[in-house]
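Taking it in order: structure first as structure tokens, then the write-up.
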Amino acid sequence: SARESERQESLTTEAVHSSCETLSTSSVDAITAVNDYVDASNRSAADAEAKAAPAIDGLNHSADLVARSVSDPLMPELKDALNAWVDAARGLASAIAGNYGPDEFNAAVTRLNDTKTTALNLCDASY
């Protein structure tokens, strides 16, 4: 029926807004913490090691929030993009925690940035 169709569309819109807002806000905090860690590491600053924990925590927190926000009403392509962000955030957290070399670390950063761009572009297209 028309009413059921409207209800489904409303659920989809609500799900998109919830997931996209969660990604948008939580990723800013995570990426800020990662950038602080990278800046300290590049300067060989004494607090570089201390900056690792907030970066790891921020990435894992964002991943947890986004993973919990993914729901059935979302389009499969958006679901996949959000799950890719979750995997990339956890991957970069592991790279920081494992003190990976520059090549692996930079690949993890690139993957994080690429998945964020893809997901947010799909979010924008869904609004």
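One table, with the values for the structure above:
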{"quantity": "Single match in D64, D114, D80, D103 (criterion: more than 22 Å from V16 (Cα to Cα), in a helix (DSSP H, G or I) and not β-branched (V, I, T))", "calculated": "D103"}
{"quantity": "The stretch 85-106: number of residues that are farther than 12 Å from L59 by Cα and either open to solvent by 60 Å² or more (accessible area, probe 1.4 Å) or touching a residue at least 60 places away in the same chain (Cβ under 8 Å) (or both)", "calculated": "6"}
{"quantity": "Qualifying residues in the stretch 1-53 (those that are open to solvent by less than 70 Å² (accessible area, probe 1.4 Å) and in a loop (DSSP other than H, G, I, E, B)) - the one nearest to S71 (Cα to Cα)", "calculated": "D47"}
{"quantity": "Per-region count, the stretch 56-75, residues open to solvent by 60 Å² or more (accessible area, probe 1.4 Å) and either at pLDDT below 95 or basic (K, R) (or both)", "calculated": "3"}
{"quantity": "Residue tally, condition assigned to a helix (DSSP H, G or I) and closer than 21 Å to S41 by Cα, over the stretch 83-100", "calculated": "10"}
{"quantity": "Some residue of the stretch 5-24 being free of Cβ contacts under 8 Å to residues at least 24 places away in the same chain, more than 20 Å from D87 (Cβ to Cβ) and in contact with a Phe, Trp or Tyr (Cβ under 6 Å, 6 or more places away or on another chain)", "calculated": "no"}
{"quantity": "Pair list, Cβ < 6 Å and 6+ apart or interchain, from the stretch 72-84 residues that are without any contact (Cβ under 8 Å) to a residue 40 or more places away in the chain to residues that are assigned to a helix (DSSP H, G or I) and open to solvent by less than 90 Å² (accessible area, probe 1.4 Å)", "calculated": "A84/T115"}
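The values are calculated or read from the model by the stated rules, or taken from the named source; none is laboratory data. This is a predicted model, so every value here is computed, not measured. In this analysis, Cβ positions are derived from the backbone assuming ideal geometry, glycine residues included, and neighbour counts consider all displayed protein chains. Note: accessible area is taken over every heavy atom of the protein model, side chains too, but ligands, DNA and RNA are not part of it. Shrake-Rupley method; radii C 1.70, N 1.55, O 1.52, S 1.80 Å.
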